[in-house]
Amino acid sequence: MIYLTIVISVLVVEASVFGLASSAPYMLETQNWLLQARGQDIGNLIAVGTLLTCTYMAVKGSKRAYLVWLGTLFYLLYAYIIYAVAVHFNSLFLMYVAVLGLVFYTLVIALSKQSGAIVIKSVPKWSSYILLAVGLLFAFLWLSELVPSLISGVVPQSIREAGLWVNPIHVLDLSIVLPGFIVTAYLALKGKSTGMYFIAPWLAFSVLMGTSIVAAMILMLANGFGSAVAPMMMVAVVVVASFIALVGSLKGVK
């Protein structure tokens, strides 16, 4: 697991630094999607720092660090699905695919071997409610954009600005991530072990994903997208709330 984490980290750093430093990877993207991709690159570098720190602490015996490590891999899996299928073919394509495969199989190995080794006695209800609220909030936001567009037959503005056929963020969030938030929070509130086990990884995912969104919105503001101020503030609140909930959820880990 340590060696897989190191390989993943090296590849992610290389891809992210190149994406930030060179115009080549995103030269075919719209300005909107380019800035979102670079915001994700910044988030990826933060994720690598988190991943390596948690790996070191987990090797030293920290079960809490292991759960955050798991959530960081959730984040990288999500990010590299988007890179692999929603960024125009470029010189980093095989690197995107390699990271995606390595993260996926690292998660498979980790979840098959380690889940029984961690006992979580309890999770504060307020941590569960925060995760539940984040899931419901983003589900409402995406559906409030998508449903009127489906009724009117007009493609949502955010998709047109990004230059995409569909927004992969909508797909992943509405099919996997947000249901995962909601179901995990519900199970944790019911005292179910599965919910208590996955609440910290999902909250770590929420912190990292929100951080990458804030980074993208800062880049948008710097490039004249003035409408990004309100969403950026909202996501910043989500990041802070998710971080507080993450800390609270880890206190019951034994």
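Every read-out reported here was derived from the displayed coordinates using simple, explicitly stated rules and does not represent laboratory data. Nothing here was measured: the structure is a model prediction, and the numbers come from that model. All Cβ positions, glycine included, derive from the backbone under ideal geometry; neighbour counts span all protein chains shown.
Relative protection proxy for 128-134, 190-196, from highest mean packing down: 128-134, 190-196 (other beta-carbon atoms within 10 angstrom).
Exposure proxy for Thr106, Thr53: other Cβ atoms within 10 Å of each Cβ, ordered fewest to most, give Thr53, Thr106. Only Cα sites of the chain enter the Debye sum here, all with the same form factor; the resulting log10 I(q)/I(0) across q = 0.11 1/Å is -0.59, listed in q order. When the chain is treated as a Gaussian network with alpha carbon springs shorter than 10 Å, the biggest mean-square fluctuation among Leu150, Leu137, Leu178 belongs to Leu150. GNM remark for the chain: springs join alpha carbons under 10 Å apart, and the peak mean-square fluctuation among Pro148, Pro231, Pro168 falls on Pro148. Here is what passes the span test in the chain: the DSSP H helices with alpha carbon length of 18 Å or more along the helix axis and a Kyte-Doolittle mean of 1.0 or above are 2-21, 63-86, 93-113, 125-152, 193-222, 229-250. Dipole magnitude for region 127-254: computed about the Cα centre from +1 point charges on Lys and Arg Cβ and -1 point charges on Asp and Glu Cβ, it is near 480 debye. Computed from label points 7 Å out along Cα-Cβ, the spacing between Val13 and Val108 is 2.7 nm.
Helical content of the chain, expressed as a calculated mean residue ellipticity at 222 nm, amounts to -26500 deg cm²/dmol (DSSP H runs of 4 or more residues, -39,500 (n - 2.57) each, divided by residue number, nearest 500). Please name whichever of Leu178, Ser212, Leu189 sits farthest to the positive end of the charge dipole of the chain, dipole taken about the Cα centre and charges placed at Cβ: Lys and Arg +1, Asp and Glu -1. With unit charges placed on the Cβ atoms, the residue in question is Leu189.
Each of Gly61, Gly71, Val147 was scored by the projection of its Cα onto the charge dipole of region 27-171, and the greatest displacement toward the positive side belongs to Gly61; charges sit on the C-beta of Lys, Arg, Asp and Glu.
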